[in-house]
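Q: Would you mind keeping the following structure in view while I ask a few things?
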Amino acid sequence: MATPKSISRSDGAYETPLFRSAGDCALIVEFGDALDPVINNAAIAFNARLRDAAIEHVSETAATNRSVLINYDPLELSPADLRKRLEDLLGEQDWLAAPPPPGRRRWRLPVIYGGEYGPDLAGIADAAGCGEQEIIAGHGATDQRVFMVGFAPGHLYTGLLPDMFALPRLQEIKPSVPPGSVSVAIRQSVVCSTTIPTGWRTIGRTPFRTFDLKRDPAFLIEAGDELRFEPVDEVAYRKFDEVVAEGGLPFEPEVMS
């Protein structure tokens, strides 16, 4: 196995990778304990390697912000044998220095900000001590990496945003936000494809749907892809919404090297 790498944290050195059990049919390989692009890339790159390895009796893998979950059949593959296979793959390279996996895509998402579509935009601007247009410009200023997909089907966690978005989540949970809602907190964005409850601060809405059972494939965006949020007015939003309703995309994605 590769020599563990030390990542600084508040209570000392953190040795990675770290194995954790997740019940009786899953293991977690953890690359760090912080929301960090390097740690996240390690998880995404290792998850891609796991998929290529196609370990027998492993049913599913999923990359998260800082780890990879591996589901397996313990009646066919013992935890010790699975760990040995994982250690062999981990020893192939320094995953904290691994390049991003090929085939990632860059997506452009039109977003209508504020008003009924983004009821928390004004509050965020007040907290940041700036105008709403500065918040909108800051949100779309750079490409955001999809750190993970989870919580609900097609639910994206992206980042990292500028410091003006270093806000906590709301103290109370909203009972629901509509599909396409774009919300922010802790220097991240979340984009939902279904109606869900949330404690995040909603600043806008996109007609884009990352998950649709009527579509093949049902899921469009994966961890490691990048998003660019583009402000649009209500006329353009309605137009893009019609395109999506007919099974189309607002913009075709760009394949990244």
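Q: Can you give the convex hull volume per residue for the Cα atoms of segment 63-187, as a whole number of Å³?
A: 171 Å³
Q: Let me ask something additional. Can you give me the three principal axis dimensions of segment 151-257 from its C-alpha atoms, in Å, biggest first?
A: Projected onto the principal axes, the Cα atoms of segment 151-257 cover 38, 35, 28 Å.
Q: A follow-up question, please. Take the solvent-accessible surface of the protein heavy atoms, probe 1.4 Å, and return the percent of it on segment 107-153 that carbon and sulfur atoms account for.
A: Heavy-atom surface of segment 107-153 belonging to carbon and sulfur, 1.4 Å probe: 51 percent.
Q: Would you kindly derive the ³J(HN,Hα) couplings of segment 73-78 from the backbone phi angles with the Karplus curve 6.51 cos²θ - 1.76 cosθ + 1.60 (θ = phi - 60°), listing them in order in whole Hz, with x for Gly and Pro?
A: With the stated coefficients, segment 73-78 comes to 9, x, 6, 10, 9, 6 Hz.
Q: For segment 137-198, what is Rg from Cα atoms divided by 2.2 N^0.38 Å, rounded to two decimals?
A: 1.09
Q: Let me ask something additional. Contact order normalised by length for the chain, with contacts defined as Cα pairs under 8 Å and 6 or more residues apart; what percent is it?
A: 19 percent
Q: How large is the convex hull of the C-alpha atoms of the chain per residue, in Å³?
A: 146 Å³
Q: Hey, another quick one. Rolling a 1.4 Å sphere over the protein heavy atoms, what is the accessible area per residue of segment 178-257, to the nearest Å²?
A: Ligands and nucleic acids excluded, the figure is 47 Å² per residue.
Q: Which value at 222 nm does the chain reach when only helices count, each DSSP H run of 4 or more adding -39,500 (n - 2.57), with the total divided by all residues and rounded to the nearest 500 deg cm²/dmol?
A: So the calculated ellipticity at 222 nm is -7000 deg cm²/dmol.
Q: I want to verify a result. In a Gaussian network model of the chain, Cα cutoff 10 Å, which of these has the top mean-square fluctuation: VAL244, VAL146, VAL182?
A: VAL244
Q: Hey, another quick one. Run the count for the chain, please: Lys pairs, Cα-Cα under 30 angstrom, 8 or more apart or on different chains.
A: Pairs that pass both the separation and distance tests number 4.
The values are calculated or read from the model by the stated rules, or taken from the named source; none is laboratory data. These numbers were taken from a predicted model, which means no experiment stands behind them. Note: areas computed on protein heavy atoms with side chains; ligands, DNA, RNA excluded. Shrake-Rupley method; radii C 1.70, N 1.55, O 1.52, S 1.80 Å.
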